[in-house]
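Each remark here refers to the structure printed beneath this line.
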Amino acid sequence: MTLLAVENLTVTRGGLPVLEGLGFTLAAGHALVLRGPNGIGKTTLLRTLAGLQPALTGSISIPPETMAYAAHADGLKSTLSVTENLRFWASVYGTGPIDHALDRMNLRQLAERPAMSLSAGQKRRLGLARLLVTGRPVWVLDEPTVSLDAASVALFADAVRDHLAKGGAALMATHIDLGLHEAAVLDLTPFKALPPEEGGYKGSFDEAFT
Ligand SMILES: Nc1ncnc2c1ncn2[C@@H]1O[C@H](COP(=O)(O)OP(=O)(O)OP(=O)(O)O)[C@@H](O)[C@H]1O
């Protein structure tokens, strides 16, 4: 079952296309890793898919309320404890227990610590535990393993594997090898938009009024 379908997508930054003609699908039980050099447009693409910015062309099809997006910022409530953060997100998403998330991301011993007192890697683990309490099938993740040590990367990869086994899907931008051998890889380099001086999109005064 296809959960996310992208067709002929052009995404922009600062008004200019950075990636164009992108198309792919993501089915239940599958993971897709986005690759490409710094600045190619991975973050821009993920932000567009998450609905945080409009696409210039193309279509994004995803059933409503199925996506959980995790960006660079972890979105944690710094004065709330680890448990309180997860309970907060569980209430936002209308889900229930948080124990599985605490256990899965190895947060049990940190459960009562305020988020602001966590190390960068621990904060990241909490940010990823948040995904588990959303109950949403499509994970869209921007550099999910930043600040994680090797053990935590493995923990995260296991969490993704579990998620896929339960019929979820994951789209991730990452520079590292997660050890998720079942994941497909999409190299964004061929979709790099041409700059205006090489014949790419220039925008147009008229276009703004049509
Ligand atoms: N506010 C902005 N205005 C204009 N251009 C921007 C802005 N922010 C980023 N860009 C440019 O947009 C392009 C795409 O950036 P993006 O962050 O999507 O790349 P990325 O592939 O995620 O990079 P990285 O691997 O370094 O995280 C880059 O060339 C970047 O310099």
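Quick notes
Residues checked against (1) outside any helix (DSSP H, G or I); (2) under 26 Å from S61 (Cα atoms); (3) not hydrophobic (A, V, I, L, M, F, W, C):
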{"residue": "A90", "(1), (2), (3)": "no, yes, no"}
{"residue": "P97", "(1), (2), (3)": "yes, no, yes"}
{"residue": "M116", "(1), (2), (3)": "no, no, no"}
{"residue": "R124", "(1), (2), (3)": "no, no, yes"}
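- Every residue from the range 41-70 that is touching a residue at least 40 places away in the same chain (Cβ under 8 Å), among the hydroxyl-bearing types (S, T, Y) and surrounded by 13 or more Cβ atoms within 10 Å (Cβ to Cβ): T43, T57, T66, Y69
- For the range 1-54, the set of residues classified as of a type in the set (S, T, Y) and outside any strand (DSSP E or B) consists of T43, T44, T48, listed by residue number.
- Residue in the range 161-169 that is part of a strand (DSSP E or B), in the same structural domain as L26 (by TED's automatic domain parsing) and surrounded by 20 or more Cβ atoms within 10 Å (Cβ to Cβ) present: yes
- Residue within the range 79-89 that is exposed (fewer than 13 other Cβ atoms within 10 Å of the Cβ) and at pLDDT 95 or above present: yes
- Meets criteria (modelled with pLDDT of 95 or more and in the same structural domain as L26 (by TED's automatic domain parsing)) for S61: yes
The values are calculated or read from the model by the stated rules, or taken from the named source; none is laboratory data. The structure displayed is predicted, hence computed values, not measured ones. Don't worry about glycine lacking a Cβ; one is built from the backbone with ideal geometry, like all the others, and counts go over all protein chains shown.
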